[in-house]
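To start, the structure itself, in structure tokens.
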Amino acid sequence: MEKSLQQFDFESLTESFYAYHCFGDKASGILSSIDQPYKDITRWSVDDLRSKHCIAIFVFTDDAEVYASEIDAFVRQYEDMVKDIFILDLHASHQYKEFKERWDFYNILTTRYCILQDNILHYLLFFKHFIETVGLISMDYSDFRICMRATTFIAAGKVGAIKEAIQTIPHENIRTLLFGLELQNNEMDNAKEDMDALASFFDQLPDSVEVKWQLSQNFGNPHVEYIAGFDTEPICGAAQS
């Protein structure tokens, strides 16, 4: 059963952190080869974990069907020391409904939209930049949990501008969109242009899509980061890599 946010008082946390873990050679190889922001949870001892506050562990697995028992044991080991454990499958399992009921959070990282390494990297960087970090207009950790819970397939990415996002983010079957935006600069005229482009982009999405978004406080490196969630594997757009 999903845990309640009411059990956590985020303002009282003295030292919060996030971590990952892998099951399978493919997942382990990718996570060790990309420049992502988190460390393997096994780098900390049990005593260290009890003195800290681990909010989330991202578990990447080559195939949840193969590693289900190991994942179960991992969840039992850490469930009393961590807020949430997100299971991210590199394999499109037909048992996804069972896995979504079995664990609080289960998602499949699609490879139809971008290469797997980029999908994993942008997923973790999005969380670092726009969920862990509070922005000017912000979504929060609760929004992230809701979107991961609601969808099965996910695709994450980074594009240079809002207009590019309109072309590259797949619209077919999209159900949720977490959208992080860093403005071109903090001058009012350019900010208005960015906001007009953002409004135009949102207008192109189906009315049924749940959208959560944030403006970054870090001006000077304009770009868009996102995580899109789908009930079924997304159809590629025209500008895929």
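Straight-distance candidates among the aspartates and glutamates for linking to Lys100, with alpha-carbon spacing under 18 Å and chain neighbours fewer than 8 residues away dropped: Glu2, Asp62, Asp63, Glu65, Glu70, Asp72, Glu79, Asp84, Asp89, Asp143, Asp231, Glu233.
Measuring with a 1.4 angstrom probe and ignoring ligands and nucleic acids, Arg175 comes out at about 100 Å² accessible. Starting from the Cα gyration tensor of the range 50-181, take the square roots of the eigenvalues, sort them a ≥ b ≥ c, and report rounded, prolate or oblate (rounded when a/c is under 1.5, otherwise prolate if a/b is larger than b/c, else oblate). Oblate shape, in that a/c is at least 1.5 and b/c is the bigger or equal ratio. Ignoring ligands, DNA and RNA, please state the percent of accessible area on the chain from carbon and sulfur, probe 1.4 Å. Carbon-and-sulfur percentage of accessible area, whole number: 46. Summing charges over all other residues whose Cβ lies under 10 Å from the Cβ of Thr232, with Lys and Arg as +1 and Asp and Glu as -1, gives -2. Ranked from largest, the principal axis spans of the Cα set of the chain equal 52, 41, 34 Å. Length gained on full extension, Thr111 to Ile137, computed as 0.36 nm times the residue gap minus the Cα-Cα distance: 6.3 nm. Could you estimate the translational diffusion coefficient of the range 109-153 from the Stokes-Einstein equation, with Rh from the Kirkwood formula over C-alpha pairs, at 4 °C and 1.567 mPa s, in whole µm²/s? Translational diffusion coefficient: 112 µm²/s. Antiparallel beta bridges, as assigned by DSSP with both residues in the chain, represent about 35 percent of the total such bridges. Taken along the Cα-to-beta-carbon direction at a fixed 7 Å, the label points for Lys163 and His94 span 4.6 nm. For the chain, the relative contact order works out to 19 percent when only alpha carbon pairs closer than 8 Å and six or more residues apart are counted. Projecting label points 7 angstrom from Cα along Cα→Cβ for Met81 and Ser16 puts them 2.0 nm apart. Among the listed pairs Lys83/Lys128; Lys26/Lys52; Lys163/Lys212; Lys39/Lys192; Lys52/Lys128, those whose Cα-Cα separation exceeds 28 Å are Lys26/Lys52; Lys39/Lys192. Here the extension length gained between Asp35 and Ala191 equals 53.1 nm, from 0.36 nm per residue of separation less the Cα-Cα distance.
The sum of -39500 (n - 2.57) across all DSSP H runs of n ≥ 4, divided by the residue count of the chain, sets its helix-only mean residue ellipticity at 222 nm to -10000 deg cm²/dmol. Out of the DSSP beta bridges found with both residues in the range 18-111, what percent are antiparallel (nearest 5)? Here the antiparallel bridges make up roughly 0 percent for the range 18-111. Accessible area of Ile85 (1.4 Å probe, protein heavy atoms only, ligands and nucleic acids ignored): about 20 Å².
Overall, the range 7-109 carries a charge dipole of about 80 debye about its Cα centre when +1 sits on the Cβ of Lys and Arg and -1 on the Cβ of Asp and Glu, all other atoms neutral.
The values are calculated or read from the model by the stated rules, or taken from the named source; none is laboratory data. Note that the structure is predicted; figures quoted are calculated from it, not measured. All Cβ positions, glycine included, derive from the backbone under ideal geometry; neighbour counts span all protein chains shown. Areas reflect the complete protein model, heavy atoms only, side chains present, ligands, DNA and RNA absent. Shrake-Rupley method; radii C 1.70, N 1.55, O 1.52, S 1.80 Å.
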